[in-house]
1. Say each of residue 66 and residue 21 gets a label point 7 Å from the Cα, pointing the same way as Cα to Cβ; how far apart are those two points in nm?
2. Convex hull volume of the Cα atoms in the range 4-64, per residue, in Å³?
3. Taking 0.36 nm per intervening residue step and subtracting the Cα-Cα distance, what contour gain separates residue 30 from residue 49 on full extension?
4. Of the peptides 35-42, 46-53, how do they stack up when ordered by the mean number of other Cβ atoms within 10 Å, highest first?
C-alpha cells in the first residue's frame, strides 16, 4: 500500500495502521508519504491519526495483483477540512 498524506500540504508523522494487526503500519515521512509492505490480500480497516487531527478509519481491500491507493479526508480539531491526496 502506498499513500501520500496532505492537509493541505504534506503532513509528517501521521500514524497509519491496519486495525487488528499491530505489526502492519507506518508513519509518514517529511514529504507526507508512507508505504506498508507485505500486506496479505484481504479486507482491512485503515486507521489514520495525527496530533491536531480527528482520527479517521476507512475500509480498504488489498489485491494481490496491484498496489492499493486510498484517499482519506482529515478534519483538524478546529474543524477545517484537510485532505489526503491520491498518489
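1. A separation of 1.9 nm, rounded to one decimal place.
2. 89 Å³
3. Extra length available between residue 30 and residue 49 comes to 5.3 nm.
4. So the peptides 35-42, 46-53, ranked by packing, come out 46-53, 35-42.
The numbers here are math on the coordinates, done by the rules we state, and not lab data. This is a predicted model, so every value here is computed, not measured. Virtual Cβ from ideal backbone geometry, glycine too; neighbours counted across all protein chains shown.
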